[in-house]
Every structure is written in structure tokens, then in C-alpha cells.
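Below is one structure, written out as C-alpha cells; the observations come after it.
The values are calculated or read from the model by the stated rules, or taken from the named source; none is laboratory data. Computed from a predicted structure; not experimentally measured. Backbone-built Cβ (ideal geometry, glycine too); neighbour counts: all protein chains shown.
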Amino acid sequence: MTVNAQQQGLSLLACLVPCIPYLTQEQWRALFDQGLVKLDGLSVAADDGLEVAQGQVIDYIVPNYQEDEVDTRWTLLWQNQHIAAVHKPANLPVSRTTRNVYNTLIQILRRESPWPDAHLLHRLDLETSGIILIGQDNEQAKYYQPKLTQLMQCKKYRAIIHGEPNWKTLQHKSYLNTLKDSPIRCQMHGVEEGQGKLSETHFTLLAKANGFSLVECELLTGRKHQIRAHLSQLGHPIVGDKIYSNRGEFYLKRLEDALTQADYDTLLTDHHLLHAYEIHINDMWAQNEDAAVPIVIRDEQYSDVWRGFAKQVGLGVESLD
């Protein structure tokens, strides 16, 4: 790992402890004692009192380290000299979790892309696939993150849902917030005006067959879990959604690593079928910004699970393209 500006001046041990959350300071000290931690290629002791400087390189080896298997097949969709749009596979975390530290989208990009200091401009849920924007280095990320609303003019997702809606298009509004007494702290619930944030999504029915439908979802606001919560409110939860279908019981079981094959059979898929399909970027780099045409980026790399399910229920793979 390369020391960044935020880590400048920290002790080497303080810099390392957050890297793998489940390792204690004592376990890190043991790695130092075994010579498995190096600073700029040289072995050091945990208690040397060293303060790290930006740009220094820390190498460490954790014996018998294991992570959950994930799909690491990211692809580049678009880039200029400042930012890039990449495809995130389903079930790949965008950044460090308690389960995955090494194989996250941002760490993979830093290892495999031309941008060793890449930073996320926004996030996607673990199970959501599709387009995500990155800054090619920390300076670009700091510049464009505050301008994200100005930068992204339009965001469209696609989802396979339970049921066959009786509408062709629908604009759904509600106020969303978490509830203190909810067993799932991150779950967004419909609340009264003034008790949450106004959330608005435009839905378009693209195809339906055998009790399932493919819908396009355009975000008119950008709230946490907005599409998932809205579709659940409408009685059409996303296939495979562990939080917003089946009363959230499968999400709670997943937290305890207690999901069984029978549970997955009920869920129908191992990840929810929500895909960040299209974004329109304001061409902020055009010489005449007033006359600039939005840059349209699409991602048609639906997961194998998605395509297999669509074919199985008769939606047809051709309906995805």
C-alpha cells in the first residue's frame, strides 16, 4: 500500500490497523516480529516510533489470509484524462468491508488499471452491478465529488422484479428514512412528510413474462436504496433482494452466515437483479460548455445469473439489449 495524505504522520502501526479490521494490534505486532512488515523495502519493528510520510510504500504479508470469492472482472467503459467509468460486477464490494480487504473494486483498480491512486466518486451496493465513476487520482476525486450532481445528468438502472405491473410508466414519490426499531438498521422505510427525504423514481416497463418483469428505473433523486425501497412499496420487489423482500429475513441470516441452499432457492438468485445501466455525463470539458452534448455511457454486461434467470422465466436475453 502507498501512504496517502490522510495517513501522513501516523505511526506505522496506526496506519496498518484499519487495513484488516479483524486483526488486533497484538496480531499486527506479531507480523512485525516475524519480519512480515516492510517500509520502503526494509523490515521495521512495531515500536520504532516511525511516522509514515505520503508516498512511502508499506508491504505486509498475512499468512493463511482468506477472503470471500468475488467476481473481479471489471471493465473500462469510458475515460478522459480526469475520470473514468468502469463496470462493477455483482457481489464485488466497492471498498473495504469486514469480509474483503484485498479484492474490492477500488483495490483491484489500483492494482490493475493505469490509476494506482484511483478513488471512487460514488458507490454501488454490494450486489448491484453496472456503471460506477472513479477519479483517476485523489486530486481528481476531490475536485469532482462535490460536483457529482452537476456531472451526472441522468442515471438509469434496470431491474428484474416480481409480478407484472399494470402500468407502462409510473412516477413514484415517497419520503424515505431508516427506523430506530427496525431489525435491519440500513433498511429504508416509507415515512410521513417531514420525517424523511423526498425520493422520486420514474419507472418504465420493458418486458414481462410468467410473473416477472424487466423495468427501467430513472433516479430523479438519489437516496440510499431508493429503487429497491420504491419497488418494494409498489409490491414488486427486485428478484433476489434480501432486504426488501421476504421481510428481510434472508439479510439477517446472511449477517450470521446462515443462508442455506433452500434460502437461495426461495430468493431465486444469489444476488439481487439490479443493474446500473446508463448514465449521462455533462461534458464539462467541452470548449463551449453551453453547446455541449451529454456523454451517454451504457453497460450491457449483465451477470451470468441475471441472463440465466431472464432466459429461464421467458423474459428473453434479447430484451436486455
Selection within the stretch 254-264 - in a helix (DSSP H, G or I) and either touching a Pro at 6+ places or on another chain (Cβ under 8 Å) or surrounded by 15 or more Cβ atoms within 10 Å (Cβ to Cβ) (or both):
Asp263
I need the full set of residues from the stretch 172-214 which are in contact with a Pro (Cβ under 9 Å, 6 or more places away or on another chain) and more than 27 Å from Arg254 (Cα to Cα), in order please.
Phe203, Leu205, Lys208
Determine whether Glu127 is charged (D, E, K, R) and either farther than 15 Å from Ser232 by Cα or not in a strand (DSSP E or B) (or both).
yes
Name every residue in the stretch 165-187 that is part of a strand (DSSP E or B), in contact (Cβ under 8 Å) with a residue 60 or more places away in the chain and within 24 Å of the chain's Cα centre (by Cα), in order of residue number.
His172
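Each row is one residue, and each column tells you yes or no for (1) in contact with a strand residue (DSSP E or B) (Cβ under 6 Å, 6 or more places away or on another chain); (2) at pLDDT 90 or above; (3) of a type in the set (Val, Ile, Thr).
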position	(1), (2), (3)
Glu26	no, no, no
Asp47	no, no, no
Val52	no, no, yes
Tyr60	yes, no, no
Tyr65	no, no, no
Thr75	yes, yes, yes
Val86	yes, yes, yes
Leu92	no, yes, no
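Does Val86 qualify as being outside the structural domain of Tyr143 (by TED's automatic domain parsing), hydrophobic (A, V, I, L, M, F, W, C) and either within 27 Å of the chain's Cα centre (by Cα) or not in a strand (DSSP E or B) (or both)?
Against the criterion (outside the structural domain of Tyr143 (by TED's automatic domain parsing), hydrophobic (A, V, I, L, M, F, W, C) and either within 27 Å of the chain's Cα centre (by Cα) or not in a strand (DSSP E or B) (or both)), Val86 does not qualify.
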Filter the stretch 42-83 down to the residues that are hydroxyl-bearing (Ser, Thr, Tyr) and assigned to a loop (DSSP other than H, G, I, E, B), then identify the one that is surrounded by the fewest Cβ atoms within 10 Å (Cβ to Cβ).
Tyr65
Within the stretch 40-57, which residues are within 22 Å of Asn138 (Cα to Cα) and touching a helix residue (DSSP H, G or I) at 6+ places or on another chain (Cβ under 7 Å)?
Val52, Gln54
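Going by what's in this entry, would Leu16 be described as assigned to a helix (DSSP H, G or I) and at pLDDT 85 or above?
Against the criterion (assigned to a helix (DSSP H, G or I) and at pLDDT 85 or above), Leu16 does not qualify.
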Report yes if Gln136 is under 19 Å from the mean Cα position of the chain (by Cα) and farther than 28 Å from His272 by Cβ, otherwise no.
yes
Checking the structure you have, find out if any residue of the stretch 236-247 is among the basic types (Lys, Arg) and closer than 13 Å to Thr128 by Cβ.
yes
Residues in the stretch 265-282: is at least one modelled with pLDDT under 95 and either buried (at least 20 other Cβ atoms within 10 Å of the Cβ) or more than 18 Å from the chain's Cα centre (by Cα) (or both)?
yes
Can you pull out the residues in the stretch 139-164 that are within 18 Å of Val296 (Cα to Cα), more than 19 Å from the chain's Cα centre (by Cα) and assigned to a strand (DSSP E or B)?
Gln153
